[in-house]
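Novice: Can you keep this structure in mind? I'll have questions shortly.
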């Protein structure tokens, strides 16, 4: 878990494989935050374009992004497909009390079509975002979810549209 405190980000992730000490605080300044926001909007932006926006040289931006990657602040760059090519669903999952929720979450992450897994509070233990080219493939993924040892109940809703 990472927590923000007064301009620094503390990484408590003990699985960090970087050469950096995972408990060493990483300091972010306003330029780092601007770079992160630019990349969140469009991770394909070039170093040159980012440099123009933040007022640094291309090499300075390149070093800052490398530092953000090396320190674990940025974990990965992803591709988001347009909704016209995909169908998405939210599946709420109850886990049997005798089963470790984290183990079910790990199995869910490995399923084809599962994009994100959240462990949540409330009536259900887990929420999973599923994405596939068709509702038929969503159904297949839901069937796979239900076959995971420890899954007690599911409730799925299809996402009709995203309002931004």
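Novice: State, to one decimal in nm, how far the label point of residue 66 lies from the label point of residue 48, with both points 7 Å from Cα in the Cβ direction.
Specialist: 2.0 nm
Novice: Taking every pair of Cα atoms in segment 47-164, average 1/r, invert it to obtain the Kirkwood radius, and report Rg/Rh to two decimals. Walk me through the intermediate numbers first.
Specialist: Details: Rg = 18.9 Å, Rh = 16.7 Å.
In segment 47-164, Rg relative to Rh is 1.13.
Novice: Still on this structure: Between residue 155 and residue 102, what is the label-to-label distance in nm when each label sits 7 Å out along the Cα-to-Cβ direction?
Specialist: With each label placed 7 Å out from Cα toward Cβ, I get 2.7 nm.
Novice: Which values of log₁₀ I(q)/I(0), to two decimal places, follow from the Debye formula for segment 104-164 at q = 0.24, 0.25 Å⁻¹ with a uniform point scatterer at every Cα?
Specialist: Log10 I(q)/I(0), no solvent term: -1.10, -1.19.
Taken together, the values in this text are just the output of simple stated rules run on the coordinates, not laboratory data. Since we're looking at a predicted model, the values are computed, not measured. Neighbour counts run over all protein chains shown; Cβ positions are idealised from the backbone, glycine included.
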